[in-house]
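Note sheet for the following structure.
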Amino acid sequence: MQADLTMGNIAGALTIQSEEAALIAELRAGSEEAFAWLIARYHQPIYSLLARTVQDRADAADLTQEVFVKIFRGVGNFHGESSLRTWIYRIALREASNQRRWWMRHKQKEVPIEQEIGEGECSTPIRLKEMLVDPSESPFDAAVHAENRARVEAALAKVSEPYRTTLILRDIEGFVYEEVAEMQGVNLGTVKSRLVRGRAFLKAYLTAELRESHRVPHTSENPNLQMPLSEEAR
């Protein structure tokens, strides 16, 4: 039985690799259909990653477009050293890092998460924090109740780099440790260390915010905040 399962896993992995190789070949050949599929598949995840990383909706939208331009121009030099998804996310993280360096050089102020950035239907104001919520189901959405999501996003924005990006990749995007390590160009131990520290920072910010709001005295007494972000790295 175990042998059958193992053979099934191998067969499945080979099928995925074969399909990815075919997609890459079409992309390198300039297939518009293949590139359109790639955009449809990765646009929302990449935008969500960048919105949480650079914390500016307009910048995130611009960077998302730039990421796909880089993919289009660079796919000819992609030879499968990593998975296609890992390569795409690595490009996105590099663009986010470049944007943060630009931000620091020009000493721009961070956009408050409560800032109104436009108007919706019936002239209802749209706030930045509402744009950071990924509408698709994810490990993050499944673990955190709706009433706490904005609070967690605000606390996440306070976590410094590189801990915030590591948290996003592992606990929100759901990448395995090895993928996170490859994307960030560090070893597995560094990823786990960053997760432990990042989760500790996030828990501290959430605890402080809750105590100030006088809603509950301790985070541990609120079961809605018991989520993967507060666990130790496994």
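Which residues, counting only those in the stretch 156-174, are at pLDDT 90 or above and surrounded by fewer than 21 Cβ atoms within 10 Å (Cβ to Cβ)?
If the condition is that a residue be at pLDDT 90 or above and surrounded by fewer than 21 Cβ atoms within 10 Å (Cβ to Cβ), then Ala157, Lys158, Ser160, Glu161, Pro162, Tyr163, Arg164 are the ones that fit.
Just the residues that are modelled with pLDDT under 90 and among the aromatic types (Phe, Trp, Tyr), please, taken from the stretch 73-104.
Phe78, Trp102, Trp103
State the number of residues belonging to the stretch 32-88 that are closer than 20 Å to Leu169 by Cα, buried (at least 19 other Cβ atoms within 10 Å of the Cβ) and more than 17 Å from the chain's Cα centre (by Cα).
2
Just to be sure I understand, how many residues within the stretch 193-207 are open to solvent by 20 Å² or more (accessible area, probe 1.4 Å) and more than 19 Å from Glu178 (Cβ to Cβ)?
The qualifying residues number 7.
Residues Gly174, Gly189: which one is more than 13 Å from the chain's Cα centre (by Cα) and not hydroxyl-bearing (Ser, Thr, Tyr)?
Gly189
The values are calculated or read from the model by the stated rules, or taken from the named source; none is laboratory data. Only a predicted model underlies this, so the values are computations on that prediction, with no experimental measurement involved. Neighbour counts are summed over all protein chains in view; Cβ atoms, including those assigned to glycine, are modelled from backbone coordinates with ideal geometry. Just so you know, the surface numbers come from the protein's heavy atoms only, side chains and all, with ligands and any DNA or RNA stripped out. Shrake-Rupley method; radii C 1.70, N 1.55, O 1.52, S 1.80 Å.
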